[in-house]
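Enquirer: This is the structure I have questions about; it appears just below.
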2 protein chains.
Amino acid sequence: MGCIVAKFGGTSVADIERIERAADKIAAEVALGNKVAVVVSAMSGVTNQLVGYCSDITKVYDNREYDAVVSSGEQVTAGLMAIALQKRGVDARSWMGWQVPIKCSEVHGKARIEDIDARAMIERFDEREVAVLAGFQGVTERNRIATLGRGGSDTTAVALAAALNADRCDIYTDVDGVYTTDPRICKAAKKIDKISYEEMLELASLGAKVLQVRSVEMAYKRDIPVQVLSSFDEAIGSELPGTLVTREEDIMEQEIVNGVAFTKDEAKVTLFNVPDIPGIAAKVFDALAEENINVDMIVQNISEDGKVTDITFTVPESELEKTLASLKAEGDLSNISIKTDADITKISVVGIGMRSHAGVAQTMFRTLADKGINIQVISTSEIKISVIVAKEYLELAVRSLHSAYGLDAAV
Amino acid sequence: MGCIVAKFGGTSVADIERIERAADKIAAEVALGNKVAVVVSAMSGVTNQLVGYCSDITKVYDNREYDAVVSSGEQVTAGLMAIALQKRGVDARSWMGWQVPIKCSEVHGKARIEDIDARAMIERFDEREVAVLAGFQGVTERNRIATLGRGGSDTTAVALAAALNADRCDIYTDVDGVYTTDPRICKAAKKIDKISYEEMLELASLGAKVLQVRSVEMAYKRDIPVQVLSSFDEAIGSELPGTLVTREEDIMEQEIVNGVAFTKDEAKVTLFNVPDIPGIAAKVFDALAEENINVDMIVQNISEDGKVTDITFTVPESELEKTLASLKAEGDLSNISIKTDADITKISVVGIGMRSHAGVAQTMFRTLADKGINIQVISTSEIKISVIVAKEYLELAVRSLHSAYGLDAAV
């Protein structure tokens with residue numbers, strides 16, 4: 001017995017049949033004696049349709065109105081889920097963000113949850129009523145609806161779990177967990193049973209798009225175990241069939257490397273002959289920040305002669321043109337020569353174990369060298385080593401590394 | 001210059017193009033210096049889809065959840081309309097029922113508006129901001145969304161007009177006004193420029209489904225002139241192109257008869273040999289009321305011998321079976337013989353002028369007799385005369401009466 005928050009994403013509530021199947025799972029959790037709060041996304045396709053309506057009228061819509069329009073999708077699913085639960089004899093009611101209330105910032109379209117006043121919900125909990133909360137939304141100080149940005153329902157779920165002091169937050173989705181790498185690239189990929197918050201953060205921001213990064217950050221900060229599991233399997237959350245993201249201490253056997261992640265849609269930008277004087281890097285990245293360009297990897301080497309240096313960084317491929325335009329517009333950088341390459345991939349190995357193990361980087365470099373793969377750029381953090389290589393080596397690199405770190409599933 | 005509430009029904013906001021066209025009309029009203037509040041329905045088809053979702057899960061859904069689901073349709077349109085107005089340089093914002101708030105009763109699915117606290121809206125009005133209100137919804141004492149029942153957006157509009165002390169409430173719809181009779185039946189039908197609240201009430205409840213009856217009642221009580229007009233025509237409300245429903249005193253040339261209305265989907269029930277003792281009629285209609293059967297016309301004659309009498313009444317054809325079952329279940333009525341006839345139509349002539357004019361009924365009876373149409377039942381009120389005739393005479397009767405009362409349009 002415990003308190004669980006269960007979140008169902010868009011594909012898990014895509015139609016009435018799936019909503020009913022999700023309701024079956026909740027009913028099973030309730031039958032085990034658990035107190036359950038459910039967070040739902042919009043039925044898949046609905047949010048895109050609503051966003052389409054807004055942008056059919058104008059490309060520069062008022063985000064407050066966008067939020068009023070788009071948040072309706074989750075409202076519908078919440079009501080339908082409550083009905084489906086009641087049909088199963090489970091006492092349930094829907095909650096909109098403003099009814100709880102889920103208080104959030106005024107940054108419409110990308111709001112952040114500031115506070116959840118769950119008192120009324122907890123009161124109902126004690127009467128064994130399942131709360132079905134519309135995800136992705138809150139209410140601002142000015143009493144207007146704000147949405148949390150795409151994927152925000154994960155954050156709603158984790159924030160609610162924190163407010164309810166829940167024992168676990170189950171994220172039902174269309175995959176059955178987090179994998180050591182993308183199974184579409186590497187057949188030997190295997191599901192991870194437990195992974196630490198820190199590793200999940202690296203994997204999530206590296207493009208393993210199972211959980212929204214913000215939700216993992218929040219789970220980490222508030223220490224809420226989060227389980228990623230499939231809504232299409234028979235098992236329910238309490239049987240722990242998925243991947244549990246939890247504290248490092250709660251994971252008995254810690255692997256040295258837990259996953260091989262990669263991104264395909266990044267482009268590399270190198271600035272040559274950058275004067276090696278203070279403030280130049282700041283100018284470069286100020287110019288990009290102003291345009292809201294999301295710079296990822298940044299590498300700068302010590303210059304040989306102390307006069308000029310090279311800076312390499314990556315940006316989303318879709319923002320490459322904007323990046324070049326904004327650098328050229330910056331007068332002080334006009335003498336710098338720029339080279340770009342969109343034919344790259346960033347490959348990373350992630351593992352908390354590497355903190356206390358030597359030779360992890362060496363294994364990576366040797367493995368790639370053995371396959372004749374040239375490493376263009378290297379960047380490391382405490383629990384991650386990333387390299388940039390030519391895109392054509394993506395599959396080969398991922399499979400070799402996956403095998404080299406002993407991650408391959410037993411056949 | 002004045003204060004106007006403009007309501008757009010489902011077909012008037014059916015898609016983005018129509019929402020834009022409606023926004024053009026509002027922008028034109030604003031350009032004339034008017035303060036405008038807009039009430040919108042769901043885009044046509046949306047409400048039916050949402051209702052379908054609920055009943056796909058179960059036929060006995062919780063009306064509170066139904067309301068959460070179904071009210072989202074108006075929410076979407078309100079946000080989109082605000083965006084469309086802003087695109088035209090008109091300062092505007094959407095309001096949900098709970099944001100105003102529109103306080104309503106707890107009868108979910110069929111709630112009644114109890115109070116509108118329009119202070120915040122009026123404050124914004126003075127800053128020339130157009131308020132776009134989601135129709136058909138309010139918020140209950142318990143902070144839950146309630147809907148007003150189908151067609152409730154008309155009521156929202158009139159109630160808002162009353163709360164804002166508006167000069168007029170324009171109901172934009174897919175017809176250009178109220179007609180002297182149904183133009184599909186009688187080509188000579190003509191649009192009425194002005195009609196009294198009382199007459200409109202009779203016409204609305206008689207099946208001229210242009211305005212929801214409750215909205216007309218409210219307009220009458222609060223003395224809000226209501227205009228029915230087409231959203232597909234070029235003209236805007238302030239040019240008064242439609243039918244204005246207003247006070248009798250404000251109509252200069254009052255016709256004796258203003259319209260010929262009819263219903264096609266009623267059935268006649270006659271109870272023979274009903275004991276002519278007190279309480280029997282009450283028993284009959286109690287039984288029907290308990291089943292929520294909407295009894296319309298009721299006629300009982302004085303009995304010849306003082307022992308037994310006949311009672312005739314009409315019910316919706318769709319409820320005829322339920323009516324019979326409920327009468328048979330009532331033990332005290334088991335000796336009464338019942339005859340039913342679904343092959344009937346009720347035809348009514350309506351006009352405030354008949355109060356002060358003799359011979360109005362006589363014209364009706366003579367006209368029908370001249371065409372060989374037998375009158376089965378007659379019922380009259382102060383401003384209406386209704387008869388029941390065989391359904392096959394519907395067209396003939398309507399056209400003859402329309403002509404006899406001088407309503408035919410000049411050709």
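Enquirer: What spacing in nm lies between the two simple spin-label points modelled at B:ALA361 and B:ALA329, each 7 Å away from Cα in the Cβ direction?
Expert: Calculated label separation equals 3.7 nm.
Enquirer: Looking at B:ASN374, A:PHE8, A:GLY152, which one has the Cα that reaches farthest to the positive end of the dipole of the protein assembly as shown (charges on Cβ: Lys, Arg +1; Asp, Glu -1)?
Expert: Farthest towards the positive end: B:ASN374.
Enquirer: Another question, then. Determine the shape class of region B:256-411: with a ≥ b ≥ c the square roots of the Cα gyration tensor eigenvalues, call it rounded for a/c under 1.5, and otherwise prolate if a/b is greater than b/c, oblate otherwise. Working shown, then result.
Expert: Values: a/c = 2.32, a/b = 1.91, b/c = 1.22.
The shape class here is prolate.
Enquirer: Between region A:265-303 and region A:113-191, what's the alpha-carbon centroid distance in Å?
Expert: Value for the Cα centre distance between the two parts: 36 Å.
Enquirer: Pairing the Cα long axis of helix B:213-222 with the longest principal axis of chain B, what angle in degrees results, from 0 to 90 and rounded to the nearest 10?
Expert: Roughly 70 degrees, rounded to the nearest 10.
Enquirer: Follow-up question, since we're still on this one. After finding the eigenvalues of the alpha carbon gyration tensor for chain B, what semi-axes result from the square roots of 5 times each, listed largest first in whole Å?
Expert: Each semi-axis is the square root of five times an eigenvalue, giving 40, 28, 18 Å.
Enquirer: Based on the mean of other Cβ atoms within 10 Å per residue, sort peptides B:92-102, A:329-339, B:230-240 so the most packed one is first. Present the calculation step by step, with values, prior to reporting the outcome.
Expert: Values: B:92-102: 24.9, A:329-339: 12.4, B:230-240: 17.0.
Ranking the peptides B:92-102, A:329-339, B:230-240 by packing returns B:92-102, B:230-240, A:329-339.
Enquirer: What full-extension length gain, to one decimal in nm, is calculated for B:LEU32 and B:ILE378 as 0.36 nm per residue of separation minus the Cα-Cα distance? Working shown, then result.
Expert: Working: separation 346, 0.36 × 346 = 124.56 nm, distance 4.96 nm.
Residue separation times 0.36 nm, minus the Cα-Cα distance, leaves 119.6 nm.
Enquirer: Where does the charge balance sit around A:ILE16 when Lys and Arg score +1, Asp and Glu -1, over other residues with C-beta under 15 Å from its C-beta? Walk me through the intermediate numbers first.
Expert: Numbers: positive: A:ARG18, A:ARG21, A:LYS87, A:ARG88, B:LYS59; negative: A:ASP15, A:GLU17, A:GLU20, A:ASP24, B:ASP56, B:GLU65.
Charge balance in the 15 Å sphere: -1.
Enquirer: Only bridges with both residues in chain A count here: give the DSSP antiparallel percent, nearest 5.
Expert: Here the share of antiparallel DSSP bridges comes out near 60 percent.
Enquirer: Follow-up. Compute the long axis of helix B:394-404 from its Cα atoms, compare it with the longest principal axis of the Cα atoms of chain B, and write down the angle in degrees, 0 to 90, nearest 10.
Expert: Helix B:394-404 sits at roughly 80 degrees to that axis.
Enquirer: Cut-off is 10 Å between beta-carbons; in what order do B:THR147, B:THR270, B:THR309 appear when sorted fewest neighbours first?
Expert: Numbers: B:THR147 27, B:THR270 17, B:THR309 20.
Sorted ascending by nearby Cβ count, the order is B:THR270, B:THR309, B:THR147.
Enquirer: Okay, moving on. Report the net charge of residues surrounding A:LYS264, where surrounding means a beta-carbon distance below 14 angstrom and charges are Lys +1, Arg +1, Asp -1, Glu -1.
Expert: Values: positive: A:ARG184, A:LYS209, A:LYS268, A:LYS346, A:LYS391; negative: A:ASP182, A:ASP265, A:GLU266, A:ASP296, A:GLU317, A:ASP341, A:ASP343, A:GLU392, A:GLU395.
That works out to -4.
Enquirer: Over the Cα atoms of region B:219-348, how large are the radius of gyration and the largest Cα-Cα distance (Dmax), in Å?
Expert: Just the Cα atoms of region B:219-348 yield Rg and Dmax of 21.1, 64 Å.
Enquirer: When A:CYS3, A:CYS104, B:CYS186 are ordered from fewest to most other Cβ atoms inside 10 Å of their Cβ, what list results?
Expert: Numbers: A:CYS3 16, A:CYS104 26, B:CYS186 22.
Lowest count first: A:CYS3, B:CYS186, A:CYS104.
Enquirer: Which value in deg cm²/dmol, rounded to the nearest 500, describes the helix-derived mean residue ellipticity at 222 nm for chain A, given -39,500 (n - 2.57) per DSSP H run of n ≥ 4 and division by the residue count? List each step's numbers first, then the result.
Expert: Working: 12 runs with 133 residues, N = 411.
Counting only the DSSP helices, I get -10000 deg cm²/dmol.
Enquirer: Give me a single rounded figure for B:91-99: the average over its residues of other chain Cβ atoms within 10 Å of their Cβ.
Expert: Neighbouring Cβ atoms belonging to other protein chains average 4 per residue here.
Enquirer: Which cross-chain or sequence-distant (5 or more) residues have an amide H under 5 Å from the amide H of A:SER196, H modelled 1.01 Å from N in plane?
Expert: Amide H to amide H, under 5 Å and 5 or more residues apart or across chains, A:SER196 pairs with A:THR246.
Enquirer: Please give me the summed charge of the neighbours of A:ILE336: other residues whose Cβ is under 14 Å from its Cβ, Lys and Arg +1, Asp and Glu -1. Working shown, then result.
Expert: On the way: positive: A:LYS283, A:LYS307, A:LYS328, A:LYS339; negative: A:ASP276, A:ASP310, A:GLU330, A:ASP332.
Net charge around A:ILE336: 0.
Enquirer: Here's a follow-up. Run the label-point distances for B:GLN362 please: 7 Å along Cα to Cβ, every other copy, nanometres, shortest first.
Expert: Ordered by increasing distance: 12.0 nm.
Enquirer: Largest first, please: the extent of the C-alpha atoms of the protein assembly as shown along each principal axis, to the nearest Å.
Expert: So the three principal-axis extents are 118, 63, 42 Å.
Enquirer: Take peptide B:69-76, look around each residue's Cβ out to 10 angstrom, count Cβ atoms belonging to other protein chains, and average those counts. Mind showing how you got there, number by number?
Expert: Working: counts 10, 2, 4, 14, 2, 1, 7, 11.
The mean count of partner-chain Cβ atoms within 10 Å per residue comes to 6.
Enquirer: Counting only DSSP beta bridges with both residues in region A:3-248, what percent are antiparallel, rounded to the nearest 5?
Expert: Working: 10 of 38 bridges.
Of all bridge pairs located within region A:3-248, approximately 25 percent are antiparallel.
Enquirer: Explain nothing, just the number: relative contact order of chain B, from Cα pairs under 8 Å at least 6 residues apart, as a whole percent. Can you show the working numbers first?
Expert: On the way: 878 pairs, mean separation 56.1, N = 411.
For chain B, the relative contact order is 14 percent.
Enquirer: Then there's this: Could you run the Karplus curve 6.51 cos²θ - 1.76 cosθ + 1.60 with θ = phi - 60° over region B:42-56 and give me ³J(HN,Hα) per residue in whole Hz, x for Gly and Pro?
Expert: Rounded to whole hertz, the list is 6, 4, 4, x, 5, 4, 4, 4, 5, 4, x, 4, 4, 7, 5.
Enquirer: For region B:3-248, what is the relative contact order in percent, using Cα pairs closer than 8 Å and at least 6 residues apart in sequence?
Expert: Values: 545 pairs, mean separation 51.5, N = 246.
With pairs under 8 Å counted, the relative contact order is 21 percent.
Enquirer: To make sure I understand, if each residue's beta carbon is the centre and we count other beta carbons within 10 Å, what order do A:CYS169, A:CYS54 fall in, fewest to most?
Expert: Values: A:CYS169 30, A:CYS54 24.
Placing the least packed residue first, the sequence is A:CYS54, A:CYS169.
Enquirer: Of A:PHE272, A:ASN258, A:ALA282, which is farthest along the charge dipole of region A:236-293 in the positive direction, counting Lys and Arg as +1 and Asp and Glu as -1 at C-beta?
Expert: A:PHE272
Enquirer: Another question, if that's okay. To test your reading of the geometry: what angle, between 0 and 90 degrees and rounded to tens, separates the Cα axis of helix A:280-290 from the longest principal axis of chain A?
Expert: Approximately 30 degrees, to the nearest ten.
Enquirer: Lys/Arg Cβ at +1, Asp/Glu Cβ at -1, dipole of region A:302-411 taken about the Cα centre: which of A:MET354, A:ILE311, A:ALA329 is farthest positive-ward?
Expert: Of the candidates, A:MET354 comes out farthest on the positive side.
Enquirer: Give the Debye-formula value of log10 I(q)/I(0) at each listed q (0.19 Å⁻¹), with one equal scatterer per alpha carbon of region A:42-177, two decimals each.
Expert: Debye curve over Cα of region A:42-177, log10 I(q)/I(0) at q = 0.19 Å⁻¹: -1.13.
Enquirer: Now, a different point. Please compute the average number of Cβ atoms from other chains found within 10 Å of each residue's Cβ in peptide B:38-44. Display every interim value, and only then the final one.
Expert: Working: counts 0, 0, 0, 0, 0, 1, 0.
Mean inter-chain Cβ contacts per residue within 10 Å come to 0.
Enquirer: Nearest 5 is fine: what % of DSSP beta bridges in region A:87-170 come out antiparallel, could you say?
Expert: Working: 6 of 11 bridges.
Percentage antiparallel, nearest 5: 55.
Enquirer: If you take the square roots of the eigenvalues of the alpha-carbon gyration tensor of region B:3-248 and sort them as a ≥ b ≥ c, do you get rounded (a/c under 1.5), prolate (a/b over b/c) or oblate?
Expert: Details: a/c = 1.41, a/b = 1.14, b/c = 1.24.
The shape class here is rounded.
Enquirer: Still on this structure: In percent, how large is the relative contact order of region A:254-411, given Cα pairs closer than 8 Å and 6 or more residues apart?
Expert: Relative CO of region A:254-411 lands at 31 percent.
Only the coordinates and a few stated rules stand behind these numbers; no lab work does. Everything quoted here is computed from the prediction, not taken from an experiment. No Cβ is skipped: glycine too gets one built from the backbone with ideal geometry, and neighbour counts run over all protein chains shown.
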